[in-house]
Amino acid sequence: MRFPKMNARLFGTVSVILCLLIVCACSSTPDGKSGSAQELINEGIKATKLHQNVRAKAAFQQVLEDFPDSKERIQALLLLARTYYVDKEFEEAKFHFQKFIELYPAHAQVDRAYYYKAMSDFKQIDLALRDQTSTREALEGFNQLINRFPKSQFLESAKAKQIECEFKLAQNVFEIGKFYYRTGSYQSAIIRLKNLVAEHPKHKHLDEAMFLIAESYYHEQSFDEASVSYKELLKRYPRSRFSIQAKSRLRTLRR
């Protein structure tokens, strides 16, 4: 049986299509993935430099999903976390930094993950809120970095942020205690301000806190406790701006 001859133009078209198919097959991965892990990393880094962070996050995420066993996965996870941080998506950033810590606890850059995880909490601190969970978690994160990585490049910054977190927590307790005092909730004021004195003995407004404790006892007519508190204030802060009022109260109580 004889087959009809193929038209020369048709043969040429088929040849071109076959060549394109071969090229596409060679340029893609066996699983049909577009680009290698390193190419995606490079694409993501380039996108971050152009401030195209949505595109960057997509590239880094694709590495995590398509190349879960590649060495580039480590870099992609850290870059993804960092990009979320730059975009001020701090909860997402914290999640991915924590994931890095859990998966690669011995990695050379794990201290970076600890630092920026704590910073993700630090950036969400709002002193206007009574709930200071972000402050406490940031403080815990900085403490972990300081204790585990004494030679980290982030050590000095972490120490400074640690002090700042401690001050913010103390200031929050102080403001709540003052609020209770102003509204006449003296027992609540005493509890809060005593916690401040016990837990933050270096707070800059400690003399005022001690004076308000004494005043709260005075207004509650717990005069023995008030007397002890005024005397303690004068003993620890003899030059306090509240010393004159404390002495006046003590004279009144002696009558």
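One residue alone among Lys99, Lys46, Lys57 is surrounded by 11 or more Cβ atoms within 10 Å (Cβ to Cβ), within 30 Å of Lys151 (Cβ to Cβ), at pLDDT 95 or above and among the basic types (Lys, Arg), and that residue is Lys99.
Of the residues making up the range 139-163, those that are in a helix (DSSP H, G or I) and touching a residue at least 24 places away in the same chain (Cβ under 8 Å) number 9. Which one of Val86, Val54, Val63 is free of Cβ contacts under 8 Å to residues at least 60 places away in the same chain, in contact with an Asp or Glu (Cβ under 6 Å, 6 or more places away or on another chain) and of a type in the set (A, V, I, L, M, F, W, C)? Answer to the selection: Val63. Per the listing Tyr114, Tyr85, the residue uniquely in contact with a Leu (Cβ under 8 Å, 6 or more places away or on another chain) and either in a helix (DSSP H, G or I) or surrounded by fewer than 21 Cβ atoms within 10 Å (Cβ to Cβ) (or both) is Tyr114. Of the residues making up the range 79-135, just one is out of contact with any helix residue (DSSP H, G or I) (no Cβ under 7 Å at 6 or more places or on another chain) and among the polar types (S, T, N, Q), namely Thr133. Restricted to the range 207-255, and to residues there that are part of a loop (DSSP other than H, G, I, E, B) and within 41 Å of the chain's Cα centre (by Cα), the residue that is surrounded by the most Cβ atoms within 10 Å (Cβ to Cβ) is Phe242.
If you go through the range 161-187 and keep only what is in contact with a Phe, Trp or Tyr (Cβ under 9 Å, 6 or more places away or on another chain) and either under 30 Å from Gly141 (Cα atoms) or at pLDDT below 95 (or both), you end up with Lys161, Gln162, Glu164, Cys165. Please verify whether Ile176 is in a helix (DSSP H, G or I) and in contact (Cβ under 8 Å) with a residue 40 or more places away in the chain, treating the condition exactly as stated. Judged against the criteria, Ile176 is a match.
A count restricted to the range 36-51 and to residues that are over 14 Å from Arg82 (Cα atoms) and in a helix (DSSP H, G or I) stands at 7.
The values are calculated or read from the model by the stated rules, or taken from the named source; none is laboratory data. Fair warning: this is a prediction, and the values are worked out from it, not measured in the lab. Because the Cβ atoms are built from the backbone with ideal geometry, glycine has one as well, and the counts that use them run over all protein chains shown.
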